[in-house]
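Notes follow the structure.
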Amino acid sequence: MSPFARKPKKKPMSEINVVPYIDVMLVLLIIFMVTAPLLMQGVQVELPQSPSEPIDNEDVEPVIVSVKKDGSYYINIGGDQETERPIEEIKDAVSKILRQKPETPVLVWGDQQVGYGVVVNLMTELQSAGAPSVGLVTEPPQ
């Protein structure tokens, strides 16, 4: 054979190397697992413990109204979520949200030390703002 003889042509490879895609997917999975618990924002309150069933996790982000043990109200909407808000301002904000997205769930984070009447008053105000039902958030028993 002469040195200038042609070598047989190789067929082009028709497979996709998926190893880099799997690596990227696993890194993203770890990032989402770490950041998911940090997405729940709100005012720090001591939630009462209850062996209740969790609600269905919907795609719509809920409106969370928090009540601290001194009876002050906070809402998870707007720039500063750590600022105490009057009940009228919370009622207006909830009614505006529910007019645009009526399926938005409304949840109350009530400190276990707060009076029963304060939470009932808040729930009544939220229902008068247009919330068809108001959920109470509790901690599972430890």
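Only the coordinates and a few stated rules stand behind these numbers; no lab work does. Please read all numbers here as calculations on a predicted model, not as lab measurements. All Cβ positions, even for glycine, are placed from backbone atoms using ideal geometry, and neighbour counts span all protein chains on display.
Overview of results
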{"quantity": "Additional length obtainable on full extension of the chain from SER95 to TYR21, 0.36 nm per residue less Cα span", "calculated": "22.2 nm"}
{"quantity": "THR104, THR35 arranged by Cβ crowding within 10 Å, fewest neighbours leading", "calculated": "THR35, THR104"}
{"quantity": "Exposure proxy ranking, count of Cβ atoms within 10 Å, fewest first, for LYS10, LYS69, LYS91", "calculated": "LYS10, LYS69, LYS91"}
